[in-house]
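Everything on this sheet refers to the single structure shown next.
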Amino acid sequence: MIIFFRKEFVTMFYEELKQELELLKQQKDFSAALKLIEQELQMPYVPHEFEQYLINLKQEITSEMMSEQTRNQKQYDVKELIKMLNDEQDLASQALAIKALEYINVRPILTEIEHYLMNAIMPDENKTLILFILNAQQINQPVKMQKTNGFYTLNPMELQINQFNQNFDQVVLMIENAIGNENPSISQIACSSALIFMLINFPAPNQIAGNNLAAAMIKQAHEFLGLELNYQELKTMINFDQAMVEIILGGTNEQN
């Protein structure tokens, strides 16, 4: 009779403990649940079935805690990313945020992204980089964008990005052929400047010949480094239309 009472008591104890643990799990009080599990597992004797239950529950709670932390981290990251993206005064933060967009699903924040694209203060080249990301993630819906050279309603999936890359590669080749290997710094600066110019004007129709853009960027790179290069000297390096080069260096954007 005494043995039966003890067995019944033990059974009731573990049933109550199980209910308490399940309640803590349901309430997401994971720390309290894990503390209780650890205490019980350290006891001299635990029935085998209940011990296995505790081990399995510990694994479930640990996994749930990790998932919860990941979800919270993702929410925080996205909120922080949007904050960085909309920081009109900090271009470095904007650049980091745009780079981060490549690694997340942008669909849930398309409204915030379009808000950035419509902000006339934000750099035009950054807006183009965002369009490239939307294209890479196959965003197949109209997006509005305001740039210095006009207002656009466009579908990222319809953008001619391959053509953009081909045009840029041609300009880079012209710059490298014109400068040669004598001064890689000038070549690097000229190529970077050409890319920024093209990003600023995209997706306006390309009305500037590659040789004119290459010539303009070569001259600009020399000026940036404090080196003199007049048009006569430039013409010995590459053929170009001087009037068009002057327009490019004047900062005139292509128009729709």
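Tabulated values for the structure
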| item | result |
| --- | --- |
| Shape metrics for region 161-249, restricted to C-alpha atoms - Rg then Dmax, Å | 12.1, 35 |
| Electrostatic dipole magnitude of region 151-256 [Cβ: Lys, Arg +1; Asp, Glu -1; Cα centre; debye, to 20] | 80 debye |
| Size of region 90-158 as Cα extents on the principal axes (Å, biggest first) | 26, 26, 17 |
| Region 87-243, Cα convex hull volume normalised per residue, Å³ | 128 Å³ |
| Per-residue ³J(HN,Hα) for region 90-105, Karplus 6.51 cos²θ - 1.76 cosθ + 1.60, θ = phi - 60°, Hz, x for Gly and Pro | 10, 5, 5, 5, 4, 4, 5, 5, 5, 4, 5, 4, 5, 10, 10, 7 |
| Neighbour count of at most 13 Cβ within 10 Å plus DSSP loop: longest GluC sites (Glu not before Pro)-free window in the chain | 1-87 |
| Helix-only CD estimate at 222 nm, as mean residue ellipticity for the chain, using -39500 (n - 2.57) per DSSP H run (n ≥ 4) | -22500 deg cm²/dmol |
| Over the chain, relative contact order from alpha-carbon pairs under 8 Å, at least 6 apart, % | 12 percent |
| Order of His115, His222 - criterion: other Cβ atoms within 10 Å of each residue's Cβ, fewest first | His115, His222 |
| Entries of Lys99/Lys147; Lys58/Lys99; Lys79/Lys144 with Cα pairs more than 31 Å apart | Lys58/Lys99 |
| Unit charges on C-beta of K, R, D, E only; dipole of the chain, Debye | 320 debye |
| Choice from Phe197, Phe30, Phe164 showing the highest fluctuation, given a GNM over the chain with Cα pairs closer than 10 Å | Phe30 |
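Bear in mind that the values in this text are calculations on the coordinates, not laboratory data. In this text the structure is predicted, and so the values were computed from the model without any measurement. So basically every Cβ, Gly included, is an ideal-geometry build from the backbone, and we count neighbours across all protein chains shown.
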